[in-house]
């Protein structure tokens, strides 16, 4: 059962940020296992069980990231992550699926849903759906604007179009993440973090469902070719 994180977990992540080397990590590995890996896995298991019970149609599974970066892809980066996360996502071999997430870093914690890396084809499907039927996303966008969550994600250098002030932030992004960030204090150190995340994930479920459903849409080029075929 998840009991909350501790100040020691935050201190460990600061330690990784300023001492990101094998010698330091080896000496503090048990702290990582006890203070971060174990509670993250307990939290992921508890969240998954509740989300599967409330939203069985989503077919979610849980994944907790490792602290080790892939040695084949370091490209000059330090070998250990100084922020860790869990995700709840659909079991699928398809790349670029949306996910619910929780992340803990030395100076913040964050939770929300969206795409870590939205495939260009999915972004094109989103634009096509907005152009075809903007109503459902307009409703979701207004609801989001009244909440504590914020729409984030890299924007295109050249906007793809103008669909109005409400939906332009959705239409003109390479990636979409709906996020809430907070300081490393308070609820982070209590079992009530689970309740906070569940309340957030319940609110975000319609957004997750909308984004996950994009994969079933025809690619815009395919739809255009079908309409023009004799």
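Looking at 5, 102, which is the one that is surrounded by 12 or more Cβ atoms within 10 Å (Cβ to Cβ) and closer than 30 Å to residue 217 by Cβ? Can you show your working first?
Details: 5 fails: closer than 30 Å to residue 217 by Cβ.
102 is the lone residue from the list that is surrounded by 12 or more Cβ atoms within 10 Å (Cβ to Cβ) and closer than 30 Å to residue 217 by Cβ.
Residue by residue, here is whether (1) in contact with a helix residue (DSSP H, G or I) (Cβ under 9 Å, 6 or more places away or on another chain); (2) assigned to a strand (DSSP E or B); (3) closer than 28 Å to residue 46 by Cα; (4) modelled with pLDDT of 95 or more holds:
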{"position": "163", "(1), (2), (3), (4)": "yes, no, no, yes"}
{"position": "196", "(1), (2), (3), (4)": "yes, no, yes, yes"}
{"position": "201", "(1), (2), (3), (4)": "yes, no, yes, yes"}
{"position": "205", "(1), (2), (3), (4)": "yes, no, yes, yes"}
{"position": "218", "(1), (2), (3), (4)": "yes, no, no, no"}
{"position": "223", "(1), (2), (3), (4)": "yes, no, no, no"}
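Mind listing just one residue for me: the one in the stretch 108-134 that is under 19 Å from residue 66 (Cα atoms) and at pLDDT 95 or above and, of those, surrounded by the fewest Cβ atoms within 10 Å (Cβ to Cβ)?
Result: 108.
Could you look through the stretch 85-99, keep only residues that are out of contact with any helix residue (DSSP H, G or I) (no Cβ under 7 Å at 6 or more places or on another chain) and modelled with pLDDT of 90 or more, and pick out the one that is surrounded by the most Cβ atoms within 10 Å (Cβ to Cβ)?
Ranking the qualifying residues of the stretch 85-99, first place goes to 99.
Can you name every residue in the stretch 155-209 that is touching a residue at least 40 places away in the same chain (Cβ under 8 Å), in contact with a strand residue (DSSP E or B) (Cβ under 6 Å, 6 or more places away or on another chain) and under 16 Å from residue 139 (Cβ atoms)?
178, 204, 207, 208
For the stretch 134-145, check the following and say yes or no: at least one residue is more than 24 Å from residue 43 (Cα to Cα) and part of a loop (DSSP other than H, G, I, E, B).
Kept after step one, since they are more than 24 Å from residue 43 (Cα to Cα), are these residues of the stretch 134-145: 134-145.
So of that shortlist, the ones also part of a loop (DSSP other than H, G, I, E, B) come out as 134.
Yes, the conditions are met somewhere in the stretch 134-145.
Of the residues 17, 61, which single one is outside any helix (DSSP H, G or I) and either under 23 Å from the mean Cα position of the chain (by Cα) or on the phi > 0 side of the Ramachandran plot (or both)? Reasoning before the result, please.
Values: 17 fails: outside any helix (DSSP H, G or I).
Result: 61 is the single residue among 17, 61 that is outside any helix (DSSP H, G or I) and either under 23 Å from the mean Cα position of the chain (by Cα) or on the phi > 0 side of the Ramachandran plot (or both).
For the stretch 144-153, name all the residues that are without any contact (Cβ under 8 Å) to a residue 60 or more places away in the chain and surrounded by 12 or more Cβ atoms within 10 Å (Cβ to Cβ).
At the first step, the residues of the stretch 144-153 found to be without any contact (Cβ under 8 Å) to a residue 60 or more places away in the chain are 145-153.
Of everything in the stretch 144-153, those that are without any contact (Cβ under 8 Å) to a residue 60 or more places away in the chain and surrounded by 12 or more Cβ atoms within 10 Å (Cβ to Cβ) turn out to be 145, 147, 149, 150, 151, 152, 153.
Which condition number in (1) surrounded by fewer than 19 Cβ atoms within 10 Å (Cβ to Cβ); (2) touching a residue at least 24 places away in the same chain (Cβ under 8 Å); (3) farther than 20 Å from residue 201 by Cβ; (4) touching a strand residue (DSSP E or B) at 6+ places or on another chain (Cβ under 7 Å) is the one that residue 81 fails?
For residue 81, the exception is condition (4).
The values are calculated or read from the model by the stated rules, or taken from the named source; none is laboratory data. These numbers were taken from a predicted model, which means no experiment stands behind them. In this analysis, Cβ positions are derived from the backbone assuming ideal geometry, glycine residues included, and neighbour counts consider all displayed protein chains.
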